[in-house]
Amino acid sequence: MSLNVTVVAADRSIWSGEAKRVVARTTEGEIGILSGHEPVLAIVAGGEVRIVTADDQTVRAQADGGFLSVENDRVNIVADQAELV
Amino acid sequence: MGAQQRVFKAKINSTKSLRKIFKAMELIAASRIQKAIGRVKAASPYANALTRAVSAVATQSNVDHTLTTEPEEIRRAAVVVIGPDRGFAGAYSANVIREAEELIRLLTENGKDVHLYSVGRKAETYYTFRDRDLKKSWTGFSESPQAEHAREIGEVLLEDFHTAFEEDGVDEIYLVYTRFKSSVTQEPEYRRLIPLEVVDAEDAAETDQVPQSGGLPDRDKAKAHDEVFPLYEFEPGPAEVLDALLPRYIDSRILAALLNAAASEQAARQQAMKTATDNADELIKTYTRLANTARQAEITQEISEIVGGADSLAASGADD
């Protein structure tokens with residue numbers, strides 16, 4: 001089972017694809033998401049989002065403010081400004 | 001060359017050079033439409049994700065937020081008119097302003113005060129020329145609005161929304177813009193931005209058909225079409241999440257309106273310039289025909305003068 005991840009910024013879509021693990025920083029601290037995670041809606045505090053893709057590559061993105069949602073293995077990271085690092 | 005011919009030639013030449021300008025503007029607008037449509041599309045994942053999230057929070061938690069609760073009494077409304085910076089777009093700017101005037105009339109009939117905000121130089125000059133008060137106007141980005149512009153507008157609007165009525169604040173906010181339906185149809189329309197109406201999944205079907213009683217028929221709701229949201233865990237809490245989401249949601253709605261208006265502007269301009277080019281072609285044709293007739297008339301006259309002269313010479317020669 002893998003996660004279906006999309007990273008979008010206000011004016012464009014940044015990245016989307018299959019992933020094994022997503023790590024992001026929320027206002028409460030870092031959150032790691034694996035397949036089967038409970039549904040979450042959290043505020044992203046800004047900082048780096050690390051995505052370990054299905055073929056073990058690491059994608060890093062800088063996300064400034066926004067939120068992330070997790071449901072049924074679908075992860076949406078919605079940031080005001082974001083770019084791949 | 002006769003005087004009449006010279007006049008037509010001058011008209012043909014000037015129409016030809018105007019036609020070149022129209023044609024160039026048409027081509028420029030045509031190439032920009034694609035880009036503008038692309039930007040409308042590119043911004044939609046963000047808007048969709050936000051709409052979903054806002055609906056999810058609103059349906060699952062019973063948080064009352066100032067942005068979503070209807071004020072007890074709406075005494076003043078803000079109207080944001082989104083128009084173009086440049087003309088040469090046919091009736092585009094006139095249409096959106098007419099829609100705005102219609103909305104203002106409706107609001108004043110309901111006994112509400114109206115504060116005007118404008119985007120784009122054409123909208124601004126329309127109101128300043130008529131000595132109408134503009135609370136604030138933004139210009140210079142009607143053709144390529146960025147997320148920062150939407151944020152700037154959103155900030156000002158939210159600030160006025162949070163200000164009390166007595167201190168010149170507003171109770172609701174409307175956006176008037178032109179929706180891009182296709183390259184041939186663009187529709188001016190108004191939407192209420194705040195207070196937001198987040199409709200529960202159960203209510204969505206009902207309110208879809210029946211316009212809400214009281215106020216203006218609202219054509220825009222964060223609809224949760226029969227969608228059942230999973231039970232989200234909110235982090236840090238529902239209220240905080242909603243606090244963070246709503247301003248973003250508003251910014252994204254403003255951005256969507258700006259992008260739609262930008263695409264509509266280019267489409268309207270392309271159409272207007274196409275019509276202008278066609279009209280110029282028609283004019284050139286008419287003047288060319290008239291010039292030809294004038295030339296022919298001149299030649300005919302010269303011939304008849306020569307023939308007449310020769311005849312009279314021959315007649316006087318026969319007398320000798």
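The values are calculated or read from the model by the stated rules, or taken from the named source; none is laboratory data. What you see is a predicted model; the values in this text were computed from it and never measured. Neighbour counts run over all protein chains shown; Cβ positions are idealised from the backbone, glycine included. Only protein heavy atoms, including side chains, enter the accessible area calculation; ligands, DNA and RNA are left aside. Shrake-Rupley method; radii C 1.70, N 1.55, O 1.52, S 1.80 Å.
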Take A:G46 and decide whether it is away from every other protein chain (no Cβ under 11 Å), without any contact (Cβ under 8 Å) to a residue 40 or more places away in the chain, loosely packed, with under 14 Cβ neighbours inside 10 Å and touching an Asp or Glu at 6+ places or on another chain (Cβ under 9 Å).
no
Residues to consider are A:T27, A:T6; find the one that is among the polar types (S, T, N, Q), closer than 22 Å to B:A43 by Cβ and at the interface with chain B (Cβ under 9 Å from one of its Cβ atoms).
A:T6
Reported set for the range B:244-259 where residues are within 15 Å of the chain's Cα centre (by Cα) and at the interface with chain A (Cβ under 7 Å from one of its Cβ atoms) is B:L255
Residues (open to solvent by 20 Å² or more (accessible area, probe 1.4 Å) and either within 11 Å of chain B (Cβ to nearest Cβ) or closer than 15 Å to A:V23 by Cβ (or both)) located in the range A:49-63:
A:R50, A:V52, A:D56, A:Q57, A:T58, A:V59, A:R60, A:Q62
Failed item, numbered, when B:D226 is tested on (1) modelled with pLDDT under 90; (2) open to solvent by 80 Å² or more (accessible area, probe 1.4 Å); (3) assigned to a strand (DSSP E or B)
(3)
Taking the residues in the range A:13-24 that are surrounded by fewer than 18 Cβ atoms within 10 Å (Cβ to Cβ) and within 13 Å of chain B (Cβ to nearest Cβ) as candidates, determine which candidate is modelled with the highest pLDDT.
A:S16
For the range B:110-160, which residues satisfy the criterion of being touching a residue at least 60 places away in the same chain (Cβ under 8 Å), under 19 Å from B:V170 (Cβ atoms) and among the polar types (S, T, N, Q)?
B:N110
